[in-house]
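Just so it is clear, none of the values below were taken in a lab; they were calculated from the coordinates. Just so it is clear, the model here is predicted, and its values are computed rather than measured. When we count neighbours, we look across all protein chains shown, and the Cβ atoms used for this are built from the backbone with ideal geometry, even at glycine.
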4 protein chains.
Amino acid sequence: MAETTGKLKLGMVGGGRDAFIGAVHRSAAWLDGMYELSAGALSSTPEKAKASGKDLGLSDERNYESWEQMLEKESARAEGERIDAVSIVTPNHMHFPVAKAFVEAGFHVICDKPLVHSSEQAEELVRLVEQKGTVFAVTYNYTGYPMVKQARQMVRDGALGAIRKVIVEYNQDWLATKLEDQGAKQAEWRTDPKRSGIAGVVGDIGSHAENLVATITALELESLCADVSTFVPGRALDDDANLLVRYRSGAKGLMFASQISAGEENDLRIRIYGEKASLTWHQENPNYLRYKPLGEPEQVLKRGTGYLCEAAQRAGRIPPGHPEAFIEAFANVYRNAGLSIKALKEGRTPDEFESDFPTVADGARGVKFIEKTIESGKSSQKWIGL
Amino acid sequence: MAETTGKLKLGMVGGGRDAFIGAVHRSAAWLDGMYELSAGALSSTPEKAKASGKDLGLSDERNYESWEQMLEKESARAEGERIDAVSIVTPNHMHFPVAKAFVEAGFHVICDKPLVHSSEQAEELVRLVEQKGTVFAVTYNYTGYPMVKQARQMVRDGALGAIRKVIVEYNQDWLATKLEDQGAKQAEWRTDPKRSGIAGVVGDIGSHAENLVATITALELESLCADVSTFVPGRALDDDANLLVRYRSGAKGLMFASQISAGEENDLRIRIYGEKASLTWHQENPNYLRYKPLGEPEQVLKRGTGYLCEAAQRAGRIPPGHPEAFIEAFANVYRNAGLSIKALKEGRTPDEFESDFPTVADGARGVKFIEKTIESGKSSQKWIGL
Amino acid sequence: MAETTGKLKLGMVGGGRDAFIGAVHRSAAWLDGMYELSAGALSSTPEKAKASGKDLGLSDERNYESWEQMLEKESARAEGERIDAVSIVTPNHMHFPVAKAFVEAGFHVICDKPLVHSSEQAEELVRLVEQKGTVFAVTYNYTGYPMVKQARQMVRDGALGAIRKVIVEYNQDWLATKLEDQGAKQAEWRTDPKRSGIAGVVGDIGSHAENLVATITALELESLCADVSTFVPGRALDDDANLLVRYRSGAKGLMFASQISAGEENDLRIRIYGEKASLTWHQENPNYLRYKPLGEPEQVLKRGTGYLCEAAQRAGRIPPGHPEAFIEAFANVYRNAGLSIKALKEGRTPDEFESDFPTVADGARGVKFIEKTIESGKSSQKWIGL
Amino acid sequence: MAETTGKLKLGMVGGGRDAFIGAVHRSAAWLDGMYELSAGALSSTPEKAKASGKDLGLSDERNYESWEQMLEKESARAEGERIDAVSIVTPNHMHFPVAKAFVEAGFHVICDKPLVHSSEQAEELVRLVEQKGTVFAVTYNYTGYPMVKQARQMVRDGALGAIRKVIVEYNQDWLATKLEDQGAKQAEWRTDPKRSGIAGVVGDIGSHAENLVATITALELESLCADVSTFVPGRALDDDANLLVRYRSGAKGLMFASQISAGEENDLRIRIYGEKASLTWHQENPNYLRYKPLGEPEQVLKRGTGYLCEAAQRAGRIPPGHPEAFIEAFANVYRNAGLSIKALKEGRTPDEFESDFPTVADGARGVKFIEKTIESGKSSQKWIGL
């Protein structure tokens, strides 16, 4: 565990009262004692922003009424006094303007996913980050799990041989009814095209599935064929999506995501089949990775053990059998982003372990995936009648 | 358990030395003491047929050299002396001629799946069976499991509400290498278009997946979109297939089947999502059915308990916790087919429980599914490039 | 799979209408086509015996009114015509007189457990069987499971190192209420000291637990300390028992068995901890054996695979992933007993695989275990107050 | 989630470099942003203490060389400036002197378990805490899990009826070899009677098992019978213990704990059997609670859902399917202790939810359990020979 002196100063945009993901970001930031909350523009209205900042013990002067105000005032502070990084935990439509402005001003950014609303925006951000040399982490938090890092290493090491097939799925049920009509703020903005973007389930959780495959396997999507549906009448965005995919290497795959799958909570799973073996991982019981070599007993690899790769070992905090879970995985994005920020502050290039977090490039690839999935979903020429 | 006096006389075509499924059919037939093996034409060559029949203790006179000989001689025997039914457990290409001839001669038939090679053949058999009024069971054995029958009843009873999505999958790895070049008879004929038909994995196990959905949900396929692949170089038939499907009711689904998924044994699973709840069943641990109502605790229903529906209770033999498995489920097809044959012999129409087995109509629908899947797999216009 | 010509002729004592275990014995006997039911004295009253035999299709002349009649008449038949073996599936109190008489007359015996009511009876049977040289199998059916045989081999091969600790448990709930007052025949005799013997749960299922440990590990009990309870008011025998045990090798252990553990069905489990590794097996999901070597990934060994020992491979019938279960394991006792009977008929000594079934000596050791557990349960000097 | 303004000032004794549990305490304290580390005496030597405090960013003036110094200096600070509470995370032998001194000085205490070395010490602490009216939490962290709180409520609500049997077990393997000879600091002190006390495994993890039963069921131990062993040659304390227990209510139970059970990581499990139903919970997959009512389907209750009791809901931070684990449960002890401290600072009595953490009385009961178990383990009159 990397407890470190000299806490990083974090500003936060969004995440005030009624928000869900902001609190998760804060727990993730606090867990290792690496960050302190120094400033915030925590909600979209000045009153709610101030009230939320007060809840969290922000000093009055750094409890801002808007992100624009925070950007201006923090930029004006002396180096060493200003925030080191900003967390962007707003609804999706605010990611782009906020991220762009803070990167331009030279701040490091930790941004929720999906990154932005269009590939144009994404590419602009990618260019900007490259130009500024800042840290830009995207909280594809599921790839922060130690056993995901272990899976990635085993694929890299050839334990599976050439990959033939990947099945990734993400099943939820929280939008199985028209929750957005019942005053549920999370449901409201996530089903609203203005705030969520062109996609519902595809953007919200399909993008996690895409990122999980890309992170573990490094396979590149060549083409896809999607059936994108809205099951709940009157809903403005998709709530179920099923895809056939092909990778440039010749591997094939399935991706499916749903928010109307009754009885499923946060059922993200991946199965990777190679010529020699397969790997299976399930987010709801994340401390285990199943490795099945052809013709040999299945193996269950466990978090916290000495036989894991270094990245997986570093991503854990406690011994095996003491389960780590969602917040710890989320915190791994914050920790490695923080270690990279510290490295830059010390004038060094972050090493491979410090750099082990999803970047703006992952975010941009995810946006493209969303666009193509929605495009394919609108095409109907793929069907053969019975 | 239905132990019964007066065993049915069974003839068998195929299933001799080196065969796999024939021995399973026999265990299934023996389990409840309802059948005795009275005649056989157990292999495609006279010598092997005779040797196989000797292994199984057939009398010389009814240990036939060919199915044609068996048909002729058994037809010539007096009623009460001749076989009641014939089991057809040959490679697929023999199903049609053998089944047709025995049905025409008025024998009851229990035939392995997939039924035949084409919809034309299938429709001819359907008409013939209807005309003759004989029993014709197709050993879609997985729908013989008690918990599959329970799932079917719960769908019928509306426990799930309208069905929105069905995910069915069947993953194996036994053809992950080119086993057909290594003297493995099962692999040889199953990858040979002459004997297996137009499909490999789609016919061998995809058809089980299709049957499982149809049996439990009664949903009718409207259209499908398939990615059908051959991963093992030089293989003559498909070994992996992934499908998007749409049902006439508006439900959507995924079907996928593979024989190259390293580390998977006989991994047939189904998940059925309705408006109100979902059901999950897994063939490898078949005594449990998971029922997940929205907003309530998940329930695990167990074979052998008093709260199951009558069809599920009748399909079990022993108390809960004493697991029943593959052979018992297979035997349920034989048992109900046998009960139907007995009913007809007694001059009665079989009741709904006696009739509870897959029929020639199920077989015909399966053949159509195979044809359409292969057709869709050949079309490439469905893909959107990235 | 060992399908064989020349079926063995089986007689059965007990197992008529209303019986549970008799039907299981028959399914086990039929499964491999190795036995045919030639004679029976299927119930304790002549009327019910005859009616039960009729149900099962026994010929009138060999459908006996009593076991004494069956013994007399079958003994009088010519060799080759008389039954080869007798299955004793009565309540416990009849095991001794019936088994003694048939062994004395030179018949092979397959007897349910617990063997008899006292160590004196057990030792007499052991002597008699040795003297007569007949086959005597006791249906400790759980040790018929392939993965139990695999566990036994791994212990023998030293995969665990010296064994330190064994936890075996057998939890049920079917006697959680006073079922014996509600007309349930199984509950009636099993809670009746006259028929069941000195023990309830300890004899009925505790003896299975004892046999499982002994079979897998070959550890010999040195001493035990038991808490034996009757939770259901008015019940005449114990329904819950918890034991600390010590083995001669220095290993320690826990054994516990219960028929009042609400929600448990047939929950027999064993965990064996050695210096180097452990093994875990669970009867309710019996196709898997978990092997956990110190400091390495857990392994899941699966029935039907090529890496299992020969005894485990022979004990299976179908490929991996096609689950086998309770009846198949039970049938393995019948199959190996049958193979031994055939070997003796052919004038040969059965080999190690043919001899792989629980014998009268296992039965006798089980009876001693029951006696000592009940004795310890009555002693109260073990308790330290708080 | 209770993020709160006005962080509590925490001092820490122990938990410096090389320590394990200190870092866990800190993560637990930081997670909800409720505490800040204001002072510390982090190791037993001044040099190491100072270096450790520097690692953690303590100010020089409050980075103490010894706990005595910390006590003196912090006591001298003005109210509002001094630490609110002290975390005691030293080896066991230091718990008593440190806790006693800080309670006497009026500080709130959060102390690791087992509480102290003897019942005399424990009772003295209980009296002192009562007299001072301070908060005293003992980090029996496993009872901080939400599903443990749910189990407790269901028992209280009578969902199980009268409890008949409780099986609690805690299996580990980290001391399966003589780790204490290999420079492992955790192993060294935990197997050293001077620092660990009279018990090894019984104190280290057996006490967690005892606390889990007491917390969920409120059953009071009446008597026990223990087999306490040391398997690793040369080890100074016990590494395996198996107990039969009896509760005052008439319920019976088993408790077993081991640190030599090869392949087990942190395998704490409990099964509670009542007249009407049972509950099962497993620490390694802690977000699920299994409820098995007699004659009905098993239910799986899940963390984060709306049907849980209030204490369970308050103990969670994120939605269902987003697993929470060890650190979050540990943090629940800190959070509720912190809420109680805040309540007292505000002049109010903490409510039932704020008071929901293990207290000095739980700690004292645990010490008595340890003493009696060791006493019973030394008695040999309980054994019946075979």
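Any idea what the residue C:234 label distances to the other copies are, label 7 Å down the Cα→Cβ vector, nm, shortest first?
Nearest to farthest, the other copies are at 5.8, 6.2, 7.6 nm.
What do you get when you divide the Cα radius of gyration of chain A by 2.2 N^0.38 Å, with N the number of residues?
Against the empirical 2.2 N^0.38 Å value, I get 0.98 for chain A.
Treat every Asp and Glu Cβ in the protein assembly as shown as -1 and every Lys and Arg Cβ as +1, leave all other atoms uncharged, and give the resulting dipole magnitude about the Cα centre to the nearest 20 debye.
That gives the protein assembly as shown a dipole magnitude of about 0 debye.
Under the rule of at least 5 residues apart or a separate chain, name every residue whose amide H is placed under 5 Å from the amide H of residue A:359.
Those lying under 5 Å, H to H, from residue A:359 are A:138.
Taking each residue in A:295-304, count the Cβ atoms of any other chain within 10 Å of its Cβ, then average. What number comes out?
6
Tell me, how many Å apart are the Cα centres for region C:110-165 and for region B:34-108?
Result: 42 Å between the Cα centres.
Positive end of the dipole of chain B, charges at C-beta (+1 Lys, Arg; -1 Asp, Glu), about the Cα centre: which of B:337, B:19, B:254 has its Cα farthest in that direction?
B:254
Based on the Cβ-Cβ distance of residue A:93 and residue B:296, what FRET efficiency does E = 1/(1 + (r/R0)^6) give at R0 = 41 Å, to the nearest 0.05?
Between residue A:93 and residue B:296 the formula returns 0.70.
In debye, nearest 20, what is the charge dipole magnitude of chain B about its Cα centre with +1 on Lys and Arg Cβ and -1 on Asp and Glu Cβ, if you could check?
Dipole size: approximately 640 debye.
Could you compute the FRET efficiency for residue D:348 and residue A:220, with r as their C-beta to C-beta distance and R0 at 60 Å, rounded to 0.05?
Working from the Cβ atoms, E equals 0.50.
Distance from a point 7 Å along Cα→Cβ of residue A:17 to each backbone N in region A:173-204: keep the residues under 19 Å and list them by number.
A:183-189
Classify the protein assembly as shown: rounded, prolate or oblate, from the alpha-carbon gyration tensor (a ≥ b ≥ c, eigenvalue square roots; a/c under 1.5 rounded; otherwise prolate if a/b is larger than b/c)?
It is oblate, given that a/c is not under 1.5 and a/b is not larger than b/c.
Excluding residues fewer than 8 places away in the same chain, name every one of the lysines whose C-alpha is closer than 18 Å to that of residue C:345.
Within the straight-line limit of under 18 Å, residue C:345 reaches these lysines: C:7, C:9, C:132.
What are the label-to-label distances in nm, one decimal and shortest first, from residue A:352 to the same spot in the other copies, with labels 7 Å along Cα to Cβ?
4.8, 5.6, 6.4
Please average, across the residues of B:272-283, the number of beta carbons from any other chain that are within 10 Å of each residue's own beta carbon, and give a whole number.
4
When DSSP beta bridges are limited to those with both residues in the protein assembly as shown, what percentage is antiparallel, rounded to the nearest 5?
Percentage antiparallel, nearest 5: 60.
Restricting to bridges with both residues inside chain B, how much of the DSSP beta-bridge set is antiparallel, in percent to the nearest 5?
Once the DSSP bridges in chain B are tallied, antiparallel ones form about 60 percent.
Within straight cross-link reach of residue B:185, meaning Cα distance under 26 Å, which lysines are found once same-chain residues fewer than 8 apart are removed?
A:276, A:292, B:48, B:50, B:54, B:100, B:113, B:194, C:302
Let me check against my output: what whole-number percent is the relative contact order of chain A, with C-alpha pairs under 8 Å and at least 6 apart?
19 percent
So, with +1 on the Cβ of K and R and -1 on the Cβ of D and E, and no other charges, what is the size of the charge dipole of region B:149-323 about its Cα centre, to the nearest 20 debye?
760 debye
Could you order peptides D:73-84, B:99-110, B:302-313 by the average number of other Cβ atoms within 10 Å of their residues, highest first?
B:99-110, B:302-313, D:73-84
Put a point 7 Å out from Cα along the line to Cβ at residue C:68; what are the distances to that point in the other copies, in nm, shortest first?
Once sorted, the set of distances for residue C:68 reads 6.3, 9.2, 10.8 nm.
Report the one residue of B:183, B:295, B:199 whose Cα lies farthest in the direction of the positive end of the charge dipole of region B:149-323 (charges on C-beta: Lys and Arg +1, Asp and Glu -1; origin at the Cα centre).
Most positive-ward Cα: B:295.
Roughly speaking, what is the centre-to-centre gap between region C:209-231 and region B:287-327 when only Cα atoms are used, to the nearest Å?
Answer, in whole Å: 31.
What's the FRET efficiency of residue C:156 with residue B:285 using the Cβ-Cβ distance as r and R₀ = 41 Å, to the nearest 0.05?
Once rounded, the FRET efficiency stands at 0.90.
Provide the packing ranking of D:87-93, C:292-298, A:127-133, i.e. peptides ordered by the mean count of other C-beta atoms within 10 Å per residue, highest first.
Sorting D:87-93, C:292-298, A:127-133 by mean packing, highest first, produces D:87-93, C:292-298, A:127-133.
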